[in-house]
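> Quick one: this structure, given as structure tokens, is what I'll be asking you about.
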Amino acid sequence: MAALAALPVALGATGIAQAAPRRTRTLYIAGDSTAAQKYSDAAPETGWGMAVPFFLHKDLAVANHAVNGRSSKSFVDEGRLDAILGLIKPGDLLLVQFAHNDEKAEDPTRYTEPWSTYQDYLRLYIDGARAKGARPVLATSVERRRFDASGNAVPTHGEYPAAMRALAREEGVALLDIQALSLALWQKLGVEETKRYFNWTATEQDNTHFNPPGAIAVARLVAGELVHRRVLGPRDVRRLDAEIPESWITWPSPAAA
């Protein structure tokens with residue numbers, strides 16, 4: 001009886017004791033075009049952040065703030081991290097994935113150096129989330145589709161994944177190693193089969209951005225790693241082993257942005 005008395009309850013309109021509802025938490029995503037929401041003018045291009053909700057319990061909302069072309073630096077410089085920190089609440093999660101555009105040395109508005117400025121900017125996300133009582137989570141960048149002449153999937157992000165791994169250890173932050181997992185997935189699928197996961201169309205051969213199957217596959221990796229790294233519990237996720245219909249992906253009108 002003592003154990004029952006300890007359960008949180010609330011009185012409904014009928015006066016009958018009811019279990020208190022689970023508090024809704026929000027997973028905020030800070031990232032680039034590989035994760036971002038796409039609109040009808042970009043279809044079938046699909047960010048993996050669009051598919052993550054299919055794998056999360058309904059009490060865990062997703063706020064996808066990822067934007068095309070941003071780096072860890074430009075996202076901060078444009079005030080986008082501040083916008084998230086103005087909304088994020090204690091108990092929420094801030095998932096951070098950058099590297100694709102940090103690598104662009106020819107563009108000083110986006111470029112960061114892996115072992116110095118890249119880590120410095122990532123600390124702003126970590127410290128900002130913690131100051132708000134939220135939990136920061138780092139994710140190494142999903143790999144591009146690139147193979148060598150022998151058919152081996154080739155890493156494309158240089159020192160950035162290693163720099164993020166080192167920072168996660170130093171700061172005690174959960175790390176989702178999506179770079180390693182996606183590279184292994186592309187290797188398993190092979191040169192031809194991977195084309196079905198990227199934005200290959202009659203007019204475009206895009207080896208960076210995903211179509212619905214690719215976005216779903218990467219989102220599955222993300223959700224699985226959130227559980228594996230004990231950021232989420234098994235009850236926070238769903239459908240990890242289920243087939244997700246491509247028809248579940250929708251692209252709103254740009255006017256809805």
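> I'm trying to understand the selection: among the residues of the range 166-215, which are surrounded by fewer than 16 Cβ atoms within 10 Å (Cβ to Cβ) and β-branched (Val, Ile, Thr)?
191, 201, 203
> A further question follows. Would you check if residue 123 is in contact (Cβ under 8 Å) with a residue 24 or more places away in the chain, of a type in the set (D, E, K, R) and part of a helix (DSSP H, G or I)? Write out each step before concluding.
Numbers: in contact (Cβ under 8 Å) with a residue 24 or more places away in the chain: yes; of a type in the set (D, E, K, R): yes; part of a helix (DSSP H, G or I): yes.
So residue 123 fits the description; yes.
> So which of 154, 231, 173 ends up being in contact with a Lys or Arg (Cβ under 9 Å, 6 or more places away or on another chain), farther than 25 Å from residue 136 by Cα and modelled with pLDDT of 95 or more?
On inspection, the qualifying residue turns out to be 154.
> Still on this model: Taking residue 221, is it under 19 Å from residue 154 (Cβ atoms), under 15 Å from the mean Cα position of the chain (by Cα) and either at pLDDT 95 or above or not aromatic (Phe, Trp, Tyr) (or both)?
Yes.
> Could you please give the count of residues in the range 37-66 that are over 23 Å from residue 242 (Cα atoms), assigned to a loop (DSSP other than H, G, I, E, B) and open to solvent by less than 30 Å² (accessible area, probe 1.4 Å)?
Going through the range 37-66 one residue at a time, the tally reaches 2.
> Taking into account only those residues within the range 135-165 that are open to solvent by 10 Å² or more (accessible area, probe 1.4 Å), touching a residue at least 40 places away in the same chain (Cβ under 8 Å) and assigned to a loop (DSSP other than H, G, I, E, B), which is nearest to residue 123 (Cα to Cα)?
Restricting to residues being open to solvent by 10 Å² or more (accessible area, probe 1.4 Å), touching a residue at least 40 places away in the same chain (Cβ under 8 Å) and assigned to a loop (DSSP other than H, G, I, E, B), the top hit is 159.
> Any chance the range 113-126 includes a residue that's over 20 Å from residue 176 (Cβ atoms), among the charged types (D, E, K, R) and in contact with a Phe, Trp or Tyr (Cβ under 8 Å, 6 or more places away or on another chain)? First the steps, then the outcome.
Initial filter on the range 113-126 (over 20 Å from residue 176 (Cβ atoms)): 113, 115-117, 120.
This time we only want the ones that are among the charged types (D, E, K, R), so: 113, 120.
Next, from what is left, pick out any that are in contact with a Phe, Trp or Tyr (Cβ under 8 Å, 6 or more places away or on another chain): none.
For the range 113-126, residues over 20 Å from residue 176 (Cβ atoms), among the charged types (D, E, K, R) and in contact with a Phe, Trp or Tyr (Cβ under 8 Å, 6 or more places away or on another chain): absent.
The values are calculated or read from the model by the stated rules, or taken from the named source; none is laboratory data. Since we're looking at a predicted model, the values are computed, not measured. Note: ideal-geometry Cβ built from the backbone for every residue, glycine included; neighbour counts use all protein chains shown. When the accessible area is computed, the model is the full protein with side chains, heavy atoms only, and any ligands, DNA or RNA have been set aside. Shrake-Rupley method; radii C 1.70, N 1.55, O 1.52, S 1.80 Å.
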